[in-house]
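S.K.: First the structure, which I've put down as C-alpha cells, then a few questions once you've had a look.
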Amino acid sequence: MLSRRARFSVIICALLLGSTVMSIRQASLANSQITRFFMQSATLTAEVVTDPSKTSTGKYSFIARAILVNNSSIHYKLRVPIRVMTSHRSVTKLLPGQRFSAQGRIVSSKEARVAALVVIKDDIHILTQPSRWASALGAIRLGLRSLSGDGNAGALIPGMVLGDTSKQSAEFKDSMKRSGLTHLVAVSGANFALVSAFVLWLMQFLFSKMKFRLSATAFSLIAFIALVRPSPSVLRAAAMAAVLLIAQGTKRGRDSLPALGFAMAAVVIVDPWQARDAGFALSVLATAGLLLFAPVLIEKLSSHMPVKLAQALSPPIAATVFCSPIIVALSGYLAPMSIIANLLAAPFVAPITIVGFIAALFSPFASFISSALIWFIRFPAGAIALIAHWASSFPVLTLQTGKIGFLIVASFTLLAWLFKKWFKYIVIFTLIILISITWLQRWPGGDWQVANCDIGQGDSMVINLGNHRGIVIDVGPDAVAEDRCLKALGIKEIPLLILSHFHADHVAGLPGALNKRTVGQVWVSVNSAPLVESAMAGSALAGVEMIKAVRGMSSRVGPLTIKVLWPTLSATSFEEMPGDGSQINNSSIATLITSDAFSIFAGGDIEPPVQEILVKDVGPVDIYKVSHHGSRYQDVAFMSALHPRISIISVGAGNTYGHPAVQTLEALARLGSEVLRTDIDGAIAVQVRNHQFTVRKAKGRFNLIRWG
C-alpha cells in the first residue's frame, strides 16, 4: 500500500506529464501545413476517427485525420486531426477507419484538439470499405439501436449499454441532465466493472487458472472499448481496470488511488486533449469522490441512520460533491434531487448493462434472442426514464456558469472538506442563506398580468387570463424551456395561441407549449414559409382551429381586445434587409392588445418597411415587445409613435446577430422607456395595479444564485 503522499504524487505527476504532452501536441497543430489552406477551398483525403453524429443545428459532425490536402497550387501529405461538418446524411454510414475524399472549405477552429474545421457542401466520396473488425462492431451498435424499440426506454438502452445516445430526444436528454442521471448513458467505470465482472465470472467455466481468466477478460475489455468508442470516461475507466487486473493477477494487492493516477497519465499521453475535456474531468472527480469522500460519509451518516442506507446514500452524494464545481461551470445549476434519483435508479443499472450487452452481441446474427432480452430490460429502462422525468420536475439550484460558478462551489467544497468538524453547521448556515435568497427571487412571484419567457434567442410572451389560462404569443426555439416557463407561470390552458411567423425561433418550441395543455384557437401568418417549420406546426396542431390572421381582424378574449394590424391578405413585397428572411419577417402578425389596465404592441419580427406603414395605426402603449429582438432595423418614428413605458426585448445571451443593437437601445432610452432584456434580466413578469407597473425579473439583484 502506498502512503497518502505517494498517492497524491502519482496524481500530480500525471497532471504535469499530461500538460507537457498537450503543449507539445498543441504547438505541432498550430504549425501544421494545413494552416496554409485557411479560408480556402481544397480537396482533402481523410480517415474517419469518430462516429458522425447529428448536431443541434441539424448538421453532421465528426473528427477525421487529414492525410492529403491540395488545391490548384498547393499539395501536402500530412497526418493531422480535423473537425468535419456537413449537411449530408450519407456520412452516418461512415465507420472509424474508413477513408474518404471531398471538396471543402478549410477554416480555423476554436476546438483545441483539431488543426482545422472543414465544411463540406459537396458529395463525399468513400475510398475504402470498413474493415471486418469495424463492420462487426458497427453491426453490433446498429443492431442494438434498431432492436431497442421506441420511446424513452428504447432510447435509453443503447445509451446505457454502448454510450449511443442518438435516439434520445432533446427533452429526454434535458430530463436526464436535470435529474443527474446523464452519467448512466456515458460508458464509465461502472460499466467496465459490471462487464469485466461478468466476463471474469464466465471465464471460470473455460479456464482453471486465474491468469488465463484475467487475460481473456483483458481482451474482452479491449473489444468493449472499441465497441463503445474511446470517450474520456471510457479511456480512464479502461486504464484503471487494466491496473487493477494486473494487480490482481500478480497478487500485489490493489490500491485504487494510484490506479486513478496511472489512468489519468495513460489517457493524457495517448490523447492529451482529454485533459481539457469536461467529461474526463467529471469522470476523474467522481471516482476521486468515491475513493476519498464516500468512506467518510458512510462513517458520519451511519451514526444517524441504518448502515445499509448510509452505504446507499454516500456514493451519489460523494460523487455529486466532487463533481459540483465542474457541473456548475458547464450547466449553471445543481440538482439536489439527483441524489435521490441516483439512489432509485441504482438497482436497475446492472440488469440493463449486462443483459443489454449480451443482447448487443447477439443482434447481428440472432436478432430474435436480442429482441427477447431487450423486451426484458425495457421494464427497468422504463423505470429509469420515469425516475428521470419525475426528478427533473423539481427545482434546481441555479448559479452563474463559467469561472464564477466554479469558484463559488469549489470554495464551498474546499471549506467543507477543510473544516469537517463543523460540516453540519456549515451546511445549515448555507441552506439558510440559499433559502432566503431564492425565496426573495422567486419568479413570477405571485400576481402577474404579462410575462416574457427566457427561452434563448427567440420570442415567447404570455398574457394572464386567470384560472391557469393565458394567451401565448410565439413559443420560442426550445420546447423544454417553453414548457418549463409555462409551468412556472401555471398555464394549463391556452385559449388563443398566436404564431407571428414560422421562423424556428418563434415556433420550434411548440411541443413544449402543447405538453399537457389544451389550445382553443391558433392564429398564423398568411406566409407559410419556411415550409419545414410550418408543416411541423400544422402536424403538431392537428385538430386545433387554425386561422390566418390578417389586417382588420379583431377578437375579444376575456378582458382583452386584440386587433390585428398586419399582415395583409395579399402578399406584399419589400426590399430585403441584410441577413436572411426579411420577406418572412415582414409577414409577421402584428397585434395591438388592450384592456382597462394596460396595452401591448407585439409585432413579431417586422422590419422598417412594415413599421413605416403602421405608424399611423398606433399610439402610445404601456408595453412594447420590441420587434426582431431589438435588431438595428427599426423605424425611429414608429418607436416614437408607440412611446412605450416598458420595452421588452426577448433575446439570447451571447447571440451572434448583435441583438439588441446599441442604436435601438439608445432610441428607446431617449423615449424614457424602461428597457428589459431576457439575456440580462432573465424571464420577466409584469404586475399591473391601478395602471402602476411592478416588474419582477428571474435574474434578480442576487444573480449569482437562484432557485428554479
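S.K.: Let me check something: with ligands and nucleic acids excluded, how do 207, 293 order by accessible area (1.4 Å probe), largest to smallest?
M.R.: Of 207, 293, the descending order of accessible area is 207, 293.
S.K.: Could you state the number of Å between the C-alpha centres of segment 513-573 and segment 663-691?
M.R.: First find each Cα centre; the distance between them is then 26 Å.
S.K.: Going by average Cβ density within 10 Å per residue, which order do the peptides 649-660, 665-676 take, highest to lowest?
M.R.: Ranked by mean Cβ neighbours within 10 Å, highest first: 649-660, 665-676.
S.K.: Return the Rg/Rh value of segment 599-648, two decimal places, where both radii are evaluated on C-alpha atoms and Rh is the Kirkwood radius.
M.R.: 0.90
S.K.: Can you grab the distance from the C-alpha centre of segment 155-184 to the C-alpha centre of segment 468-503, Å, no decimals?
M.R.: Cα centroid of segment 155-184 versus Cα centroid of segment 468-503: 26 Å apart.
S.K.: Pairwise over distinct Cα atoms, reciprocal of the mean inverse distance: report the Kirkwood radius of segment 618-708 in Å, one decimal place.
M.R.: Mean inverse Cα-Cα distance, inverted, gives 13.9 Å.
S.K.: Could I ask something else about it? Under the classification rounded if a/c is under 1.5, otherwise prolate if a/b is larger than b/c and oblate if not, where does segment 432-501 fall, given a ≥ b ≥ c as square roots of the Cα gyration tensor eigenvalues?
M.R.: The shape class here is oblate.
S.K.: For residue 433 and residue 31, what is the calculated FRET efficiency with R₀ set at 51 Å and r taken between the beta-carbons, to the nearest 0.05?
M.R.: It comes out at approximately 0.50.
S.K.: Related question: Pull out a ≥ b ≥ c, the square roots of the eigenvalues of the alpha-carbon gyration tensor of segment 564-677, then state rounded if a/c is under 1.5, prolate if not and a/b is larger than b/c, and oblate in the remaining case.
M.R.: Here segment 564-677 falls in the oblate category.
S.K.: Using only the alpha carbons, work out the radius of gyration and Dmax of segment 451-603 in angstrom.
M.R.: 14.6, 44
S.K.: Compute the accessible area per residue over segment 484-578, keeping the other protein chains in place, probe 1.4 Å, unit Å².
M.R.: 46 Å²
S.K.: Kindly identify segment 69-122 as rounded, prolate or oblate by the Cα gyration tensor criterion: order the square roots of the eigenvalues as a ≥ b ≥ c, call it rounded if a/c is under 1.5, otherwise compare a/b with b/c, prolate if a/b is larger, else oblate.
M.R.: Rounded is the answer for segment 69-122, as its axis ratio a/c remains below 1.5.
S.K.: Out of the total accessible area of segment 118-224 (probe 1.4 Å, heavy atoms of protein only), what percent is carbon and sulfur?
M.R.: Roughly 62 percent of what the probe reaches on segment 118-224 is carbon or sulfur.
S.K.: Separate question: If you roll a 1.4 Å probe over the heavy atoms of the protein chains, what accessible area per residue do you get for segment 123-180, in Å²?
M.R.: Using a 1.4 Å probe on heavy atoms only, each residue of segment 123-180 averages 46 Å².
S.K.: Now, a different point. For segment 431-525, which whole-number percentage of the solvent-accessible area (1.4 Å probe, protein heavy atoms only) is attributable to carbon and sulfur atoms?
M.R.: Accessible surface attributable to carbon and sulfur in segment 431-525 totals 58 percent.
S.K.: Based on the Cα gyration tensor of segment 122-174, what are the three equivalent ellipsoid semi-axes, each the root of five times an eigenvalue, rounded to whole Å and given largest first?
M.R.: 26, 15, 8
S.K.: With a 1.4 Å probe and all protein chains left in place, how much accessible area per residue does segment 623-673 have, in Å²?
M.R.: The answer is 39 Å² per residue.
The values are calculated or read from the model by the stated rules, or taken from the named source; none is laboratory data. The structure displayed is predicted, hence computed values, not measured ones. Backbone-built Cβ (ideal geometry, glycine too); neighbour counts: all protein chains shown. Keep in mind that these areas ignore ligands, DNA and RNA; they rest on the heavy atoms of the full protein, side chains included. Shrake-Rupley method; radii C 1.70, N 1.55, O 1.52, S 1.80 Å.
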